[in-house]
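Enquirer: Sharing a structure with you now.
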Amino acid sequence: MAKREHDGHDWGQLAGAVGPRVRLLRNALAARSIAALEDFGLPTGSLTVLSLVAANPGSTQTVLARAAGLNKSALVGIVDELEKHGLAARDRSARDRRRNLLTVTPAGEAAMRTMLARVDGGEAKVREALGKRDHAALLDLLDRAYAALETRP
């Protein structure tokens with residue numbers, strides 16, 4: 001296998017491993033996102049949850065937690081904060097009163113647009129480095145890799 005390096009360090013036995021590289025990318029993007037959004041006073045993951053709720057109005061918290069890669073209690077904490085800030089609303093399901101259906105408020109839509117514009121800079125560097133075709137391929141590969149490992153109860 002070809003020698004692969006990061007910052008001049010040989011990956012050794014991990015030269016073909018996906019996890020360490022995904023972790024590096026995730027950490028770099030998360031740090032930029034956290035810095036860009038810190039003045040909103042929302043927990044990490046709020047933009048992801050807000051975006052998922054906007055794209056999937058009426059989704060249950062369980063479905064959103066799975067899509068966001070969060071455990072249900074972490075999602076509930078984020079939704080509590082979004083609701084407290086007037087960015088999201090929780091309504092009881094008419095079909096199943098034990099479930100909350102989530103929607104984004106108009107204030108949440110506006111905040112989400114501002115947050116997305118702020119975090120776009122970090123992601124833009126990745127898109128520029130890869131180009132449109134490789135960026136689309138990366139997203140497809142990440143989705144396929146995750147689907148291969150996803151376990152559902």
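Enquirer: For segment 45-57, state whether one or more residues are in contact with a Ser or Thr (Cβ under 8 Å, 6 or more places away or on another chain) and at pLDDT below 90.
Expert: So far as segment 45-57 goes, yes, one or more of its residues are in contact with a Ser or Thr (Cβ under 8 Å, 6 or more places away or on another chain) and at pLDDT below 90.
Enquirer: If you don't mind, another one. Just one of GLY12, GLY41, GLY45 is at positive phi and touching a Leu at 6+ places or on another chain (Cβ under 8 Å); which is it?
Expert: GLY45
Enquirer: Which count do you get for residues in segment 55-82 that are surrounded by 16 or more Cβ atoms within 10 Å (Cβ to Cβ) and within 17 Å of PRO106 (Cα to Cα)?
Expert: Number of matching residues: 3.
Enquirer: Which one of LEU24, LEU29, LEU102 is part of a helix (DSSP H, G or I) and either of a type in the set (S, T, N, Q) or surrounded by 13 or more Cβ atoms within 10 Å (Cβ to Cβ) (or both)?
Expert: Matching residue, one of LEU24, LEU29, LEU102: LEU29.
Enquirer: Shifting gears a bit: Regarding segment 78-89, can at least one residue be identified that is at pLDDT below 95, more than 17 Å from LEU42 (Cβ to Cβ) and either basic (Lys, Arg) or over 15 Å from the mean Cα position of the chain (by Cα) (or both)?
Expert: no
Enquirer: Could I ask something else about it? Which count do you get for residues in segment 35-49 that are in a loop (DSSP other than H, G, I, E, B) and either under 12 Å from the mean Cα position of the chain (by Cα) or of a type in the set (Phe, Trp, Tyr) (or both)?
Expert: Number of matching residues: 2.
Enquirer: Return a yes/no flag: does segment 101-111 have any residue that is in contact (Cβ under 8 Å) with a residue 12 or more places away in the chain and of a type in the set (D, E, K, R).
Expert: yes
Enquirer: Report, by residue number, each residue of segment 114-129 that is free of Cβ contacts under 8 Å to residues at least 60 places away in the same chain and either loosely packed, with under 14 Cβ neighbours inside 10 Å or not in a helix (DSSP H, G or I) (or both).
Expert: If the condition is that a residue be free of Cβ contacts under 8 Å to residues at least 60 places away in the same chain and either loosely packed, with under 14 Cβ neighbours inside 10 Å or not in a helix (DSSP H, G or I) (or both), then THR114, ALA117, ASP120, ALA124, LYS125, GLU128, ALA129 are the ones that fit.
Enquirer: Here's another thing I want to ask about it. Among the residues of segment 116-123, is there at least one that is under 23 Å from ASP143 (Cβ atoms), at pLDDT 90 or above, in contact with a Lys or Arg (Cβ under 8 Å, 6 or more places away or on another chain) and not aromatic (Phe, Trp, Tyr)?
Expert: Yes - at least one qualifying residue is present in segment 116-123.
Enquirer: Also, quick follow-up: Quick test for you: out of ARG95, ARG90, pick the one residue that is more than 30 Å from ASN27 (Cβ to Cβ) and assigned to a strand (DSSP E or B).
Expert: It is ARG90.
Enquirer: Just give me the residues in segment 33-48 being in contact (Cβ under 8 Å) with a residue 12 or more places away in the chain and more than 15 Å from ALA107 (Cβ to Cβ), in sequence order.
Expert: SER33, ALA36, LEU37, PRO43, THR44, GLY45, THR48
Enquirer: Out of ALA111, ALA36, report the one residue that is surrounded by 17 or more Cβ atoms within 10 Å (Cβ to Cβ), aliphatic (A, V, I, L, M) and more than 30 Å from ALA147 (Cβ to Cβ).
Expert: It is ALA111.
Enquirer: Is one or more of the residues making up segment 61-82 in contact with a strand residue (DSSP E or B) (Cβ under 8 Å, 6 or more places away or on another chain) and of a type in the set (Gly, Ala, Ser)?
Expert: Taking every residue of segment 61-82 in turn, none turns out to be in contact with a strand residue (DSSP E or B) (Cβ under 8 Å, 6 or more places away or on another chain) and of a type in the set (Gly, Ala, Ser).
The values are calculated or read from the model by the stated rules, or taken from the named source; none is laboratory data. Because the structure is predicted, anything quoted here is derived from the model rather than measured. Cβ: placed from backbone, ideal geometry, glycine included. Neighbour counts: every protein chain shown.
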